[in-house]
Every structure is written in C-alpha cells, then in structure tokens.
1. Any chance you could check the Cα centroid distance between region 21-39 and region 217-238 for me, in angstrom?
2. From Cα pairs below 8 angstrom and at least 6 apart in sequence, can you work out the relative contact order of region 112-230, rounded to a whole percent?
3. Please order 62, 16, 223 by the number of other Cβ within 10 Å, starting at the fewest.
4. Rounded if a/c is under 1.5, else prolate if a/b is larger than b/c, else oblate: which is region 138-200, with a ≥ b ≥ c the root eigenvalues of its Cα gyration tensor?
5. Test of understanding: what is the full-extension gain from residue 18 to residue 39, defined as 0.36 nm times their sequence separation minus their Cα-Cα distance?
6. Give the separation of the Cα centroids, region 145-184 to region 202-216, in Å.
7. Relative contact order of the chain, please, whole-number percent, based on alpha carbon pairs below 8 angstrom and at least 6 residues apart.
8. Relative to the longest principal Cα axis of the chain, at what angle does helix 90-100 sit, 0 to 90 degrees, rounded to 10?
C-alpha cells in the first residue's frame, strides 16, 4: 500500500488538482493538517475513511499512523496545504517512511505564492524587469536558515522575493531588504489566499509593515517584494514576437 502526499492547494477547496481529489477519494485513511486544510476537502474521502487531524500530533505520532495504515493494507492520503514541495515538512516524513520500507508518492498542489499572484493580478516574471523569483522565509523560533540564505544576502540579487511564514516579523523583513530594494519598491501581502476571507494589501517596502499591522495579519500570509509587482513599461515577451522563427 502507498502513502500519498497530496497538495491541497492554498485554501479554496476547488483548487485541489483533479489527481489530488481522485487520489483522496480512494484512500481509506486520511491524515490532514486541520488548521490549514479546508474541511470541505474531507468530503472527497470515502464514506468510512479514517480521518486524522495532525494539528496536535508530533512527527513520531504522524509517522506511526502512516506505518500502521500501511501495515493494515490501506492506501493513505497525507493532505498538506499548498504544494508538498515547499515548506511542507514532508522531507522528514519521507525519510522515516524510507527507513520503515513504506512506499510513497507526491501529488502536486497549487502553491500559496501562485494563489497570491492571482489575487493581485500579476505575473511574477516580467520581460526586462525581473525573471527570477526567490521563495524563502525568516527564522524565528523555527529551524535556522542555512548560511547564505538570510534576507540581507538574498536581497542583493534584486529579484522578486516571496516570503512565507514572515508576517509576524515584517519590520525585520523591511529593515533587511531596504538597502537593496529601496523604500519605493512595490510590495504586496496576501493573507488567506483564495479563501472567502482573503485579504490583499498593496504598497511599498516603506508602507507595507504599517499596513500588515493595521490589518492584524499574523499568519497564513505571503509577503512579496520586487519591481515586477509594479511593472508597467516593459518589452513584450519574445515568446509571441513576430520576429521569432516558428516551425511548421
């Protein structure tokens, strides 16, 4: 039997992929992150499925549930918010499943940064303005960031930065990015992206901290900082250029 790490998407229940929903519908056991995954998705599980909210479980307890379900001959849906390849803590689960000899697969989901880009109506990569997106976070009462991945270092690139898990520390974010991006650099925050209670804030690096604090946003948000967020004058992409040679 197999454990499926399924990306539930950023929040809206209908943003799970078809593959994710179909996999969920055939798993007899579902472990889900109760504080982040929309409850409506649990309706996709089989009627008699065992449902386990992992919000209060330790890693050992979660892995024990996965191994026990496998031993009982059940496929397991491990439902994570967003996409399991980004800030999902699946790496340590997979490492333990490898040690236990339990097979697993990953089912991609819509990541939060993609839903945030949709909410502000922006392409994050704009020709001649910015072609690089950095996905990162800040360390505070969490796993330390590796050497060379602090904001001051990453900011030297000038690329669009998308910060997860950083709303509580926005003043620090602003302080570390200001020398590289400048006070007038466009910035945006999207909290609860794609959900009915979605909050969208637009401003600059100089104003975004006050906006976040005024809106009392502390979690389930991404902060985006970069010139592409305000780009208006830029060259058209070569992709559709009349000068581009096309094969018949």
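A short reminder: the numbers here are calculations on the coordinates, not readings from a lab. Just so it is clear, the structure is predicted and the values come from calculations on it, not from any experiment. Because the Cβ atoms are built from the backbone with ideal geometry, glycine has one as well, and the counts that use them run over all protein chains shown.
1. Cα centroid of region 21-39 versus Cα centroid of region 217-238: 32 Å apart.
2. That works out to 32 percent.
3. Fewest-to-most Cβ neighbours within 10 Å comes out as 62, 16, 223.
4. The shape class here is oblate.
5. Difference between extended and current length: 5.8 nm.
6. Comparing the Cα centres of region 145-184 and region 202-216, I get a distance of 15 Å.
7. Taking the mean separation of contacting Cα pairs over the length of the chain, I get 20 percent.
8. So the helix axis and the longest Cα principal axis differ by about 30 degrees.
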